[in-house]
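Notes follow once the structure below has been shown.
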Amino acid sequence: MILERVSPALRGQLSRWLIEPHTGVFVGHVNARVRDRLWEKCCQLSREGGVVQLWNTNNEQHFEMRMFGFTTRRVVEFEGLQLVEIPMESSQVKARKGRRAAAAEEKE
């Protein structure tokens, strides 16, 4: 599980079940019932933050993931595959549009 902008109390509760090798990143092997209960708890207590959960399963990618709340990335399904999209910030979009306009003027 990956937690973004959540309370230290929630991180502490997760550390009872999983290890935290890096701030906000939790790793461990739990059964499906515990996994789903941890997911529910994180969704209830995340407030303004976000939660990402990944686990192994028997599909083509050998894992599934789900997201809740306000995360810096989002899951996008593409032809049956789960991909992670990193949205561009508005400043990046403006810069890209500016470069396109400049390139179009050069061609003329």
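A few notes on this one:
- Protection proxy ranking of 28-37, 4-13, 72-81, by the mean of other Cβ atoms within 10 Å over each peptide's residues and highest first, is 4-13, 28-37, 72-81.
- Over segment 21-82, the reciprocal of the mean inverse Cα-Cα separation, the Kirkwood hydrodynamic radius, stands at 12.9 Å.
No lab work stands behind these numbers, since they all come straight from the coordinates. Because the structure is a prediction, the values reported are computed rather than measured. Here the Cβ is made from the backbone with ideal geometry for all residues, glycine too, and neighbour counts use every protein chain on show.
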